[in-house]
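The values are calculated or read from the model by the stated rules, or taken from the named source; none is laboratory data. Note that the structure is a prediction, hence the values are computed from the model and not measured. Using ideal geometry, Cβ is built from the backbone for each residue, glycine included, and neighbour counts are taken over all protein chains shown. Please note that ligands, DNA and RNA were not included when accessible areas were found on the heavy atoms of the full protein model with its side chains. Shrake-Rupley method; radii C 1.70, N 1.55, O 1.52, S 1.80 Å.
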Amino acid sequence: MLGLPKGSLEESTKTLFAKAGWKITTSSRSYRPSIDDSELDGRFVRAQEVSRYVEHGFFDCGLTGYDWVQENESDVVEVCDLIYSRASTLKSRWVLCVPEASDVQKPEDLAGKRVATELMGTVKRYFAERGIDAKVEFSWGATEVKVPDLVDAIVDITETGSSLRANNLRIVDTLLETNTKLIANKASWANPAKRKKIETIAMLLQGALQADNKVGLKMNLERSRVDAVQAILPAMRGLTVAPLTVADWCAVETVIPESDARELIPKLIELGAEGIVEYPLNKIVH
């Protein structure tokens, strides 16, 4: 039983699973997906809740943010990191922010003041550990617009900081870095059959992320030119070189960052490469 994040991560999660080899389909109002694997069933629930249901055993494994594992203080197995989001492959940060014009320069300056956040437990623990008596209140959303009229500071999540800058907010401190993780129930992880399946899911999801923004490149080349081509082409261990039926010619293949292709292909032509083919990748498994 697999827990999947409903909401902003839903479509990017389905796309990631598709690249890994699993087709997940849902209707517009359904929280119960169809998965083309007889060994898998699943539910879409809010990412905030996934770790609790994994800990309690309703899900054998699930995808959720490290922030919500910490927020819920869930006792689960952290199987692997899956650094992706709806918009990028950057880690996100939960940051303490105040208006640009605020007198607050450090967390201690918020003693006796109001702080709004969705991450209540984590933020309360943050202030308690520092002996700061700040009043923390729950925010149902649009947190960044609540300062300075409703609260003195906020703790909100950001990837690039662009939304904070747009709302004239200044970061005082970073509480937590987070990214999506595959987590598992401890009893399920101790079950050999379930653990093997969870490890397979982890391997293929990580392979799909490894392939992101990379492409395969293959070409035909005179064998005498292989060393010159190898000098400009990246490869994990070395180029794949296979003989052709034409004497003294070979086929050369490698994997490159997609953004490098526009620079490399003209150089390869100059070095005598022919029949260059660039193709997309689904997975790179190490």
Return the calculated 222 nm mean residue ellipticity for the chain, to the nearest 500 deg cm²/dmol, obtained by summing -39500 (n - 2.57) across DSSP H runs with n ≥ 4 and dividing by the residue count.
-8000 deg cm²/dmol
Relative contact order of region 98-171, defined on C-alpha pairs under 8 angstrom at six or more residues apart (%):
41 percent
Heavy atoms of the protein only, probe of 1.4 Å, neighbouring chains included. What is the accessible area of Leu204 in Å², nearest 10?
40 Å²
Starting from region 1-52, pick out the GluC sites (Glu not before Pro) whose DSSP state is loop and whose Cβ has at most 16 other Cβ atoms within 10 Å.
Glu39
Charged-residue dipole, Cβ positions (Lys, Arg, Asp, Glu), the chain about Cα centre, Debye nearest 20
620 debye
Find how many whole Å separate the alpha carbon centroid of region 51-120 from the alpha carbon centroid of region 1-45.
23 Å
Signed unit charges on C-beta, dipole axis of the chain, positive-most listed residue Asn167, Leu233, Pro192
Pro192
I'd like to know which of Phe127, Val104, Ser51 lies farthest towards the positive end of the charge dipole of region 50-135, counting +1 on Cβ of Lys and Arg and -1 on Cβ of Asp and Glu.
Val104
Using a probe of 1.4 angstrom, how much of the accessible area of the chain is carbon and sulfur, in percent?
47 percent
From the list (i) 0.98; (ii) 1.29; (iii) 1.04, can you say which value of Cα Rg over 2.2 N^0.38 Å was derived from the structure given?
(ii)
Given axes a ≥ b ≥ c from the Cα gyration tensor, I'd like to know whether region 209-286 is rounded (a/c under 1.5), prolate (a/b larger than b/c) or oblate.
prolate
Solvent-accessible heavy-atom area per residue, rounded to whole Å², over the chain at 1.4 Å
53 Å²
Name the residues whose placed amide hydrogens come within less than 5 Å of the amide hydrogen of Leu281, ignoring near sequence neighbours (fewer than 5 apart) on the same chain.
Gly216
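Where the only charges are on Cβ atoms (+1 Lys, Arg; -1 Asp, Glu), what is the dipole of region 1-49 about its Cα centre, to the nearest 20 debye? Please list the in-between numbers first.
On the way: 8 positive and 7 negative charges, 42 e Å.
In total the dipole reaches around 200 debye.
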Please give the charge dipole size of region 165-286, origin at the Cα centre, charges +1 on K and R Cβ atoms and -1 on D and E Cβ atoms. Round to the nearest 20 debye.
920 debye
Reported to the nearest 10 Å², Val285 has, with a 1.4 Å probe, an accessible area equal to 70 Å²
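So what is the relative contact order for the chain, in percent, with contacts set as C-alpha pairs under 8 Å and at least six apart? Write out the running numbers ahead of the final one.
Working: 543 pairs, mean separation 56.9, N = 286.
After rounding, I find 20 percent.
Does region 128-252 come out rounded, prolate or oblate by the C-alpha gyration tensor, with a ≥ b ≥ c the root eigenvalues, rounded set by a/c under 1.5 and, if not, prolate when a/b is larger than b/c and oblate if not? Intermediate values should be presented prior to the final figure.
On the way: a/c = 4.39, a/b = 2.02, b/c = 2.17.
Oblate is the answer for region 128-252, as a/c is 1.5 or above yet b/c matches or exceeds a/b.
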